[in-house]
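Peer 1: Here's a structure for you.
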Amino acid sequence: MNIFVINSGSSSIKYQLISMPDAFTICSGLIERIGSDNASIQHKTFHTGTEQSLKEELRIKDHAMGLKLVASYLSEGPLAVIKDPAEIHAVGHRVVHGGESFSNTMEITEEIKAKIKQLFPLAPLHNPANFLGIEVAEQIFTTAKQIAVFDTAFHQTMPALAYRMAIPNRFYEDHRIRSYGFHGTSHKFVSERAIEYLGLTSSKIITIHLGNGCSMTAIQDGKCVDTSMGLGPMNGLMMGTRAGDIDQSVIFYLVNQLGYPIEQIHDVLNKQSGMLGLTGFSDMRDVKARYEQADKPAILAYQMYAYHIKKYIGSFAAVLNGLDAIVFTGGVGENDDLTRALVCQEMEWLGLVLDQEKNAKRQKGIVAINSDVAKVKILIVPTNEELEIAKQCYALVS
């Protein structure tokens, strides 16, 4: 069964064509910096037994343009892997917000699409992009089953004391205002890989997903017990363009004292804050380049970024009543040794001791980067949300 997985992020599209159940990746790709003049696409194929790839830089104005470009790579040109869209049996879509309506993988119907659309306000950078991916895929892969895998599903095991907010009960009872959590597909995948790698029968793990969006999850015996994001994917850690945790009084001050309309404040906190607000750059690679040039705003931004992660490690270790391992994953978590070094600095009290040489060395697969004297393992576990989505799709339709 050929399953094509579309993972639309706020400024990116990751995709894989995976043969199931053998989990063989036929092709994969990544479009980055969508909406900018220097967007790029990397496309790789593996079906001939050797890796073939191409990379282009071009202007990709939106997700619709990006997805149509991906579809052309699949069936046209020297790296084509299918002759007809009918060779795709199912299309798996990452959908960021499922609310309380979706705790399982679902085949997409018009009713499901309507509910996903209703949740746009809770994930304004993601659900619209996910929805667009569904609509474009329906037009291209007309015979394939369209399947939604929800980022919030993994976090449905959180107890009420973690997901409820200390506001009047009617807001939860009537409107289901609560914490939902996100990046669940990634947290599930890397935590399972870490548990298997460490050979644990019982486990207390903190997973740290760092990309343009960032979140952390406390996982006990494979189940989520708390997570950093809340009602929408703006809460918790500092991110590429999102502020993360913020004093609510700031919002009231902006409205009442400075006269900002609420729509503009939403835009500021969601699209103009985080790394972008502090440094002028949303991509950590650009911020790191400035850091290495001793740029003061970039240095402060990195320090703040690591500081917020450390605060969550401490609080989640308390929630778990102990800690076996922390796991770095995502584009930044896997590739940015500076972030990992700053996060693990002065954390010996918790048993986290980083091996600087291991941290600086790039390696493939799961890597332990803790010192031999560390009581808590520090792992880099490459995430593969697309494979996790394919596995869930195959389980649903096979």
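Every read-out reported here was derived from the displayed coordinates using simple, explicitly stated rules and does not represent laboratory data. Keep in mind the model is a prediction, meaning the values are calculated, not measured. Reconstructed Cβ throughout: ideal geometry from the backbone, glycine too, with neighbour counts over all protein chains shown.
Peer 1: Under a crude label model (7 Å from the Cα following the beta-carbon direction), how far is residue 145 from residue 319 in nanometres?
Peer 2: 3.3 nm
Peer 1: To continue, here is another question. Using the Karplus curve 6.51 cos²θ - 1.76 cosθ + 1.60 with θ = phi - 60°, what ³J(HN,Hα) values do you get for each residue of the stretch 246-260, in whole Hz, with x for Gly and Pro?
Peer 2: Result, rounded to whole Hz: 8, 4, 4, 4, 4, 5, 5, 5, 4, 6, 7, 9, 9, x, 6.
Peer 1: Please compute the length gained on full extension between residue 360 and residue 54, using 0.36 nm multiplied by the number of residues separating them and subtracting their Cα-Cα distance.
Peer 2: Gain in length upon complete extension: 107.4 nm.
Peer 1: Output the Kirkwood hydrodynamic radius of the stretch 200-380, Cα pairs only, in Å rounded to one decimal.
Peer 2: One over the average 1/r among Cα pairs gives 17.1 Å for the stretch 200-380.
Peer 1: Here is a further query. Could you check which residue among 142, 50, 329 shows the biggest mean-square fluctuation in a GNM of the chain with a 10 Å Cα cutoff?
Peer 2: The residue that fluctuates most here is 50.
Peer 1: Pop out the ³J(HN,Hα) list for the stretch 92-107 in order, Karplus 6.51 cos²θ - 1.76 cosθ + 1.60 with θ = phi - 60°, rounded to Hz; leave Gly and Pro as x.
Peer 2: x, 10, 6, 10, 5, 10, x, x, 8, 6, 10, 10, 9, 5, 9, 6
Peer 1: Another one. Looking only at the chain, where both bridge partners belong to it, what percent of the DSSP beta bridges are antiparallel (to the nearest 5)?
Peer 2: 70 percent
Peer 1: Still on this structure, I have one more. Sort 318-325, 180-187 for me by packing, meaning the mean count of neighbouring Cβ atoms within 10 Å per residue, highest on top.
Peer 2: Descending packing order for the listed peptides: 180-187, 318-325.
Peer 1: Provide 113, 296 in ascending order of the number of other Cβ atoms located within 10 Å of each residue's Cβ, fewest first.
Peer 2: Ordered from fewest to most neighbouring Cβ atoms within 10 Å, 113, 296 come out as 296, 113.
Peer 1: Would you list 204, 61 from fewest to most Cβ contacts within 10 Å?
Peer 2: Going from sparsest to densest Cβ surroundings: 61, 204.
Peer 1: Give the long-range amide H neighbours of residue 39: residues separated by 5 or more places, or on another chain, with amide H under 5 Å away, using H modelled in the peptide plane at 1.01 Å from N.
Peer 2: The answer is 58, 60.
Peer 1: So what J values fall out for the stretch 334-351 if you push phi through Karplus, 6.51 cos²θ - 1.76 cosθ + 1.60 with θ = phi - 60°, rounded to Hz, Gly and Pro as x?
Peer 2: 7, 10, 9, 5, 5, 4, 4, 5, 5, 5, 7, 5, 6, 10, 4, 4, 9, x
Peer 1: Which of these values of mean projected area of the Cα convex hull in nm² was calculated from the structure shown: [x] 70.9; [y] 27.5; [z] 20.6?
Peer 2: [z]
Peer 1: Subtract the Cα-Cα distance of residue 296 and residue 221 from 0.36 nm times their separation in residues, and report this length gain in nm to one decimal.
Peer 2: Net length gain for the segment: 22.8 nm.
Peer 1: For the stretch 2-150, what Kirkwood radius comes out of the mean inverse Cα-Cα distance, in Å?
Peer 2: Taking every pair of different Cα atoms in the stretch 2-150, averaging 1/r and inverting gives 15.6 Å.
Peer 1: So, one more: If you average the sequence gap of Cα pairs under 8 Å that are 6 or more apart and divide by the length of the stretch 226-339, what percent do you get for the contact order?
Peer 2: After rounding, I find 22 percent.
Peer 1: Using 0.36 nm times the number of residues separating residue 175 and residue 265, minus their current alpha carbon distance, what extension gain do you get?
Peer 2: Working it through step by step, the gained length comes to 30.1 nm.
Peer 1: Oh, and also: Just want the ordering: 308, 93, from fewest to most Cβ atoms lying within 10 Å of their own Cβ.
Peer 2: 308, 93
Peer 1: Please compute, for the alpha-carbon atoms of the stretch 227-306, the extent along each of the three principal axes and give them in descending order in Å.
Peer 2: Cα spread of the stretch 227-306 along its principal axes, largest to smallest: 39, 31, 16 Å.
Peer 1: Could you work out the helix-only [θ] at 222 nm for the chain, with each DSSP H run of four or more residues adding -39,500 (n - 2.57) and the total divided by the number of residues, to the nearest 500 deg cm²/dmol?
Peer 2: Counting only the DSSP helices, I get -11500 deg cm²/dmol.
Peer 1: Additional query: What number, in nm² with one decimal, is the all-direction average of the projected area of the convex hull of the alpha-carbon atoms of the stretch 279-376?
Peer 2: The orientation-averaged projected area of the Cα hull of the stretch 279-376 comes to 6.6 nm².
Peer 1: Now a separate question. Enumerate lysine pairs in the stretch 2-150 that are 8 or more residues apart or on different chains, then count those whose Cα atoms are under 15 Å apart.
Peer 2: 5
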